[in-house]
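Colleague: There's a structure below that I have some questions on.
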Amino acid sequence: MVNLKLRITAVACLLVVFSTQLNAQTINEALIPGGAFEMGDHYGFVDSAHPSDEIPLHAVKIDSFYIAKTIATNQQYLQFLDSALSKSLIEVRSNIVYLTGDTNILCYTNQYSSYYSIGYDGHSFSIVDFRAQHPMVGVMWFGAAAYCNWLSNKNGLQQCFNETTWICDFTKNGYRLPTEAEWEYAGRGGDTTPYYIYPWGNTLDTTKANWPNSGDPYETGAYPYTTPVGFYDGTLKLKAVCGWPGSATIYMTSNGANNYGLYDMAGNVWQFVYDWYSRNYYSSSPYNSPQGPTTGDLMPDGKPYRGMRGGNWYNGDMISGVNDGHSRVSNRDPSYFRGPLDPNHPWYHVGFRVARNFSHSTGVATTYAKPNLYCCTYPNPSSESTMIQFSLPEESYVSVKIFNYLGQLQATLTDGRLAAGQHEFKWNALNQPAGLYFYILQTDNQFIKNKIILIK
């Protein structure tokens, strides 16, 4: 049975790798349903390096949008570089990639530093190590934005970034970087009762994220200690398939994805957002879809920098004996601290993921008719079982899942497409302990979370 499981896992890994290579620019996206939340730190964390930049808590409303489930990879970025080079849109000067005739750095090459996985031999780009499916690092904010424009053009969408001013036109339907508010909203995965520290809850867990000293088999050899995107998905990994440098032949992960199916929202690498970083912006942030200040606070080198989210594999805060890589969902960081402050190896733990509008990509407005929940749950409180009833205005994908107060999945009542009309599902809780539970109902364009109280 074990050998069969290993063979199945190996075949599955190979199919995923093969599919990624064939369709590297087919972005695996999650639809994030619009809504409001309280942005900021709900736990009173204090960082002496940039104090009080996660407060005050402030209400923010986000329109629905798509965001990539994983960080952009070296392989994906290589395709952008190859395409742009063939059209003479980019050039390499002193082992650094620029737009032709421009001075803004897009990315660094392996010839500039061994920390970076994409090499340039004077004629073409290539992946020089085993990290093709790892996050693209050594990339600058301008390089992430330029990639978004290329990806939009490739997929028949409207280009969002003006490559002279680098201002994003948010009315366009193409790919862009998520705003800071969008990133935090998506990173929380719909969890607001309560708000959590990490994408999965409040528990420090090195089996769910690539943090410093996580113990994964990529933490050896030469930097960077990145893992493939989506590596922490709860499945058994094989060295023969994944090709890590560590000596372990197998490695078991826990699932670090949040409720929206987003991976690496904690750890692996920092992720650029669209916004400039300003310490006091939360005091003046607008309610509707904030896009950040018009410029950022000046850093010690006298320049403003864009913000980043997500944490990293390299450094962080030691909490209860575990280094979480600065991976709190609310954590803000100016990219200055990941580059110019660290001149020996800048940007080797910085990457990005792409996002795009929902309404402008589909022609559908972002104000939706919510599923009409007649009696959300009954009986509630309950001692044995609870019925969850709702009505769909149209055919839709529907997922109904039950979680305990720790955020651990207890049951999946349905996960598939349902016809328009009334539906009802029963949760048999006879063998469950008393306490507070939650059900999450997610459709194509709606996300609802409510409490279930179980008494015995």
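The values are calculated or read from the model by the stated rules, or taken from the named source; none is laboratory data. Worth saying up front: this structure is predicted, and the values here are computed from it rather than measured. Note: ideal-geometry Cβ built from the backbone for every residue, glycine included; neighbour counts use all protein chains shown.
Colleague: Find all pairs meeting these conditions: Cβ atoms under 8 angstrom apart; at least six residues apart or on different chains; first residue within the stretch 74-86 and not assigned by TED's automatic domain parsing to the domain that holds Met140; second residue at pLDDT 95 or above and of a type in the set (S, T, N, Q).
Modeller: none
Colleague: Give all pairs with beta carbons closer than 8 Å in which a residue from the stretch 413-436 that is at pLDDT 90 or above meets a residue that is part of a loop (DSSP other than H, G, I, E, B) and of a type in the set (A, V, I, L, M); count only pairs at least 6 apart in sequence or on separate chains.
Modeller: Every condition considered, the pairs that remain are Ala434/Ile455.
Colleague: Can you run down the residue pairs with Cβ atoms below 7 Å, 6 or more apart or on separate chains, where the first is in the stretch 197-216 and over 19 Å from Ala248 (Cβ atoms) and the partner is not in a loop (DSSP other than H, G, I, E, B)?
Modeller: Listed pairs, sorted by first residue: Pro199/Gly187; Leu204/Ile319; Leu204/Val322.
Colleague: Say whether the condition of being over 22 Å from the mean Cα position of the chain (by Cα), surrounded by 13 or more Cβ atoms within 10 Å (Cβ to Cβ) and not charged (D, E, K, R) is met by at least one residue in the stretch 308-320.
Modeller: no
Colleague: Could you please let me know if Ala132 is under 22 Å from the mean Cα position of the chain (by Cα), surrounded by 14 or more Cβ atoms within 10 Å (Cβ to Cβ) and touching a residue at least 12 places away in the same chain (Cβ under 8 Å)?
Modeller: yes
Colleague: Could I ask something else about it? Looking at the stretch 150-206 only, could you name the residues that are part of a strand (DSSP E or B) and touching a Phe, Trp or Tyr at 6+ places or on another chain (Cβ under 7 Å)?
Modeller: Cys168, Arg176
Colleague: Taking the options Ser64, Ser19, name whichever one is at pLDDT 90 or above and more than 29 Å from Arg338 (Cβ to Cβ).
Modeller: Criteria check complete, one pass: Ser64.
Colleague: Would you mention how many residues in the stretch 210-264 are in contact with a helix residue (DSSP H, G or I) (Cβ under 6 Å, 6 or more places away or on another chain) and of a type in the set (Val, Ile, Thr)?
Modeller: Of the residues in the stretch 210-264, 2 are in contact with a helix residue (DSSP H, G or I) (Cβ under 6 Å, 6 or more places away or on another chain) and of a type in the set (Val, Ile, Thr).
Colleague: Shifting gears a bit: For Ser113, are the conditions met, namely being under 23 Å from Pro346 (Cβ atoms), among the small types (Gly, Ala, Ser) and not in a loop (DSSP other than H, G, I, E, B)?
Modeller: The answer is no for Ser113.
Colleague: Restricting attention to the stretch 65-97, which residues are in a strand (DSSP E or B) and either in contact with an Asp or Glu (Cβ under 6 Å, 6 or more places away or on another chain) or closer than 30 Å to Ser289 by Cα (or both)?
Modeller: Phe65, Tyr66, Ile67, Ala68, Thr73
Colleague: Sort through Gly190, Gly138, Gly143 and tell me the only one that's at positive phi, surrounded by 24 or more Cβ atoms within 10 Å (Cβ to Cβ) and of a type outside the set (D, E, K, R).
Modeller: None of the others qualify; the one that does is Gly138.
Colleague: Residues of the stretch 264-288 being assigned to a loop (DSSP other than H, G, I, E, B), touching a strand residue (DSSP E or B) at 6+ places or on another chain (Cβ under 9 Å) and in contact (Cβ under 8 Å) with a residue 24 or more places away in the chain, which ones?
Modeller: Those that are assigned to a loop (DSSP other than H, G, I, E, B), touching a strand residue (DSSP E or B) at 6+ places or on another chain (Cβ under 9 Å) and in contact (Cβ under 8 Å) with a residue 24 or more places away in the chain: Asp264, Met265, Ala266, Asn268, Val269, Tyr277, Arg279, Ser285, Tyr287.
Colleague: Output the number of residues of the stretch 320-351 satisfying the condition of being at pLDDT 90 or above and part of a loop (DSSP other than H, G, I, E, B).
Modeller: Qualifying residue count, the stretch 320-351: 12.
Colleague: Can you confirm whether the stretch 227-234 contains a residue that is among the aliphatic types (A, V, I, L, M), farther than 23 Å from Thr249 by Cβ and assigned to a loop (DSSP other than H, G, I, E, B)?
Modeller: Scanning the stretch 227-234 turns up no residue that is among the aliphatic types (A, V, I, L, M), farther than 23 Å from Thr249 by Cβ and assigned to a loop (DSSP other than H, G, I, E, B).
Colleague: Let me ask another. Is there any pair with a first residue in the stretch 135-146 that is more than 19 Å from Gln159 (Cβ to Cβ) and a second that is among the acidic types (Asp, Glu) and crowded, with 24+ Cβ neighbours inside 10 Å whose Cβ atoms are under 8 Å apart and which are 6 or more apart or on different chains, and what are they?
Modeller: Close Cβ pairs (under 8 Å, with a partner that is among the acidic types (Asp, Glu) and crowded, with 24+ Cβ neighbours inside 10 Å) amount to Pro135/Asp264.
Colleague: With the structure loaded, tell me whether Ile402 is part of a strand (DSSP E or B), within 23 Å of Gly34 (Cβ to Cβ), aliphatic (A, V, I, L, M) and modelled with pLDDT of 85 or more or whether it fails that test.
Modeller: No; evaluated as a whole, the condition is false for this residue.
Colleague: Filter the stretch 383-401 down to the residues that are more than 23 Å from the chain's Cα centre (by Cα) and among the hydrophobic types (A, V, I, L, M, F, W, C), then identify the one that is surrounded by the fewest Cβ atoms within 10 Å (Cβ to Cβ).
Modeller: Restricting to residues being more than 23 Å from the chain's Cα centre (by Cα) and among the hydrophobic types (A, V, I, L, M, F, W, C), the top hit is Met387.
Colleague: Follow-up question, since we're still on this one. Just one of the numbered conditions (1) out of contact with any Pro (no Cβ under 7 Å at 6 or more places or on another chain); (2) exposed (fewer than 15 other Cβ atoms within 10 Å of the Cβ); (3) touching a residue at least 24 places away in the same chain (Cβ under 8 Å); (4) polar (S, T, N, Q) is not true of Thr249; which one?
Modeller: (3)
Colleague: Considering only the stretch 407-429, state which residues are of a type in the set (A, V, I, L, M) and not in a strand (DSSP E or B).
Modeller: Ala419, Ala420, Ala429
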